[in-house]
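The values are calculated or read from the model by the stated rules, or taken from the named source; none is laboratory data. Because the structure is predicted, anything quoted here is derived from the model rather than measured. Don't worry about glycine lacking a Cβ; one is built from the backbone with ideal geometry, like all the others, and counts go over all protein chains shown.
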Amino acid sequence: RVLSCGLKDFCAHGANPGGDFLLPFPPSADKRVPKLASVVGILGHLAGQHSASIQQELLRMFHRSLAAPPAGGSRELQQQQRATVPFLLQLALMSPALLGTLSCQLVDSLQPPVLNQLQLHFSCQPREELEQLVGTVVHLICQTSAGAFRLLRFLLGTAVP
């Protein structure tokens, strides 16, 4: 429920005037998205005893956001699907613990079909926003210590046919 509440707040407050979700947020992100810092704090507190379920929910959110929107789905649901990856990246930027929780399992789940879904998901974004997104991902990769070898091996394996 904490993640769902955070995503809804992110959707309500995290978009620029064009409706896109830009990353990284400025240092005043907690003022733009009031509940985001609380979400990070609550998840950090819960991570000690519920790390596996938090990890599972983060991955579920990620994969669900890449699925085709349901026919007749509400505009709110479509917006949440578009916002999920930027939301998860913002959480990872704000919390090294969440980054560590997510990074190993996420790398394992990035199989070719998922990579294709990611490409389709972001193919309609303007180039500047994609570059900003890639910059955020590179920054997070540099911050990752847990599973760094696995991540590096994945990147090399993906880059080399």
Next item on the list: Examine the stretch 93-109 for a residue that is assigned to a helix (DSSP H, G or I), of a type outside the set (Val, Ile, Thr), in contact with a Pro (Cβ under 9 Å, 6 or more places away or on another chain) and surrounded by fewer than 18 Cβ atoms within 10 Å (Cβ to Cβ), and state whether such a residue exists.
Entry: no
Check: Are any residues in the stretch 138-151 surrounded by fewer than 14 Cβ atoms within 10 Å (Cβ to Cβ), out of contact with any Gly (no Cβ under 8 Å at 6 or more places or on another chain) and under 22 Å from PRO86 (Cα atoms), and if so, which ones?
Finding: VAL138, CYS142
Check: Do we find that SER109 is more than 12 Å from the chain's Cα centre (by Cα), modelled with pLDDT of 85 or more and at negative phi in this structure?
Finding: yes
Next item on the list: Taking the options LEU156, LEU133, name whichever one is modelled with pLDDT of 80 or more and buried (at least 18 other Cβ atoms within 10 Å of the Cβ).
Entry: LEU133
Note to self: Quick check on this structure: which one of LEU59, LEU77 is over 19 Å from LEU36 (Cβ atoms), surrounded by 14 or more Cβ atoms within 10 Å (Cβ to Cβ) and at pLDDT 80 or above?
What the structure shows: LEU59
Checklist line | Of the criteria (1) part of a helix (DSSP H, G or I); (2) without any contact (Cβ under 8 Å) to a residue 60 or more places away in the chain, which one GLY72 fails | finding: (1)
Margin query: Just to be sure before I move on: is PHE10 within 25 Å of ILE141 (Cβ to Cβ), in a helix (DSSP H, G or I), at pLDDT below 90 and of a type in the set (Phe, Trp, Tyr) in the structure I sent?
Written below: yes
